[in-house]
Amino acid sequence: MSSYSVASIDLSAVRHNFKRVKQAASQAKTVVVVKANAYGHGMLEISQALSEADGYAVARLDEAIALRDSGIKKTILILTGFHSVEEAQACAEYDLAAVLHNDEQLDCLNKTRLSRPISIWLKINTGMNRLGIDVGSLAHFSRELTLSENICQPVKLMTHLACADDMSNAATEDQIAVFDKAIKGLSEQNPIGEQSIANSAGLLGWSSVQRDWVRPGIMLYGGNPFCDKTAADVELEPVMTLRSKVIALRTIQKGQSVGYGASWTATKTCRIATLGIGYGDGYPRHAKTGTPVLISGQRVPLVGRVSMDSINVDVTELDSVEVMDEAILWGKGLPIDEIANSSSTISYDLMCGVTDRVPRVYAE
């Protein structure tokens, strides 16, 4: 039996969102983030749709090789870099760029002679305290990389913003100041390469961080990059619309409950529709009662717990509903960020969580 659910991927919407990137950062080159299967949208399909990008960013070597093998000739950047001599050699073999963020990676480069030099993006920790070398080590790393025959010169410099989604948070300005001070000190000793700071929120909200390269991610897929705005506020369009179908209808009486744990009980006679989608498909298990679903263009509330293969919604207020009617879980007409908020998570999690048993259908 085929799936009741489908994730419709609107390629014209992802191109529209890419145009918003270029409008906001017209002077910068763009490396689009397509890691984690393009946030669940399909890495190869999205990369091909965004052929105007200057490059593509992934998290792991196997993702980068898959992109290169698909015929992409442009820059492919591995955001976590390489983690062994063999992986560094693979970067050379496939002409991949790599982020360098720790001593172990530098040791890998010093232990081998690559078949050709690779492009390195040296990541500086300016306050996120996740990946990146400390500012005090920057001169040492820069000196070592400048002397290395394994590296294309000059080395690019980057950092990552922790709080750019909150325009009222001073942390972003602090990170920019740390980065610029470090770069100024470095430029007095060695030539410095191109710079990259801005993620989606950075390039839309902080013009001072756009620099030479921007790295849009969530905004490409129509997710909201900010904590106090909607995606529509910044003219982004949803790319994924998750759809399912009504697979059963029943009437329940006042006092009867629905679903595991009897967590929701009817306060009056209700018409309940069961949809053929659940957490086994990627619908969030922790979606609260009241989370909206669209049927016939009208919002109806989720009731009871999410099951592996199904959810239940109260369709009492609809004039008409039938088995096999379509339901929209998020996307066109129902912002994914609203569903994420109702599930105590973020849109990234929902997008990436749509499982392989939900087919992706691509259309303009």
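All of the numbers you see were taken from the coordinates with simple rules; none came from a lab. Model, not experiment: these values are computed from the prediction. Note that we place each Cβ from the backbone using ideal geometry, even for glycine, and neighbour counts take in every protein chain shown.
(1) surrounded by 20 or more Cβ atoms within 10 Å (Cβ to Cβ); (2) more than 26 Å from the chain's Cα centre (by Cα); (3) basic (Lys, Arg): which one isn't true of Lys156, the others all being true? The single condition Lys156 does not satisfy is (2). When you look at Gly223, is it surrounded by 23 or more Cβ atoms within 10 Å (Cβ to Cβ), touching a residue at least 24 places away in the same chain (Cβ under 8 Å), closer than 28 Å to Ala49 by Cα and not polar (S, T, N, Q), yes or no? Spelling it out, Gly223 is indeed surrounded by 23 or more Cβ atoms within 10 Å (Cβ to Cβ), touching a residue at least 24 places away in the same chain (Cβ under 8 Å), closer than 28 Å to Ala49 by Cα and not polar (S, T, N, Q). Entry remark, the range 135-181: residues being in a helix (DSSP H, G or I), within 22 Å of Gly81 (Cα to Cα) and in contact with a helix residue (DSSP H, G or I) (Cβ under 7 Å, 6 or more places away or on another chain) number 6 in total. Scanning the range 54-75 for residues that are aliphatic (A, V, I, L, M), surrounded by 18 or more Cβ atoms within 10 Å (Cβ to Cβ) and within 17 Å of Ala36 (Cβ to Cβ) returns Ala57, Val58, Leu61, Ala64, Ile65, Leu67. For the range 282-291, a residue qualifies if it is touching a strand residue (DSSP E or B) at 6+ places or on another chain (Cβ under 9 Å), under 15 Å from Leu350 (Cβ atoms), crowded, with 16+ Cβ neighbours inside 10 Å and not aliphatic (A, V, I, L, M), and the qualifying residues are Gly282, Tyr283, Thr291. For the condition within 27 Å of the chain's Cα centre (by Cα) and crowded, with 19+ Cβ neighbours inside 10 Å, Val246 does not qualify. For the range 293-333, filtered to residues that are within 12 Å of Lys245 (Cβ to Cβ) and small (Gly, Ala, Ser), the residue that is surrounded by the most Cβ atoms within 10 Å (Cβ to Cβ) is Ala327.
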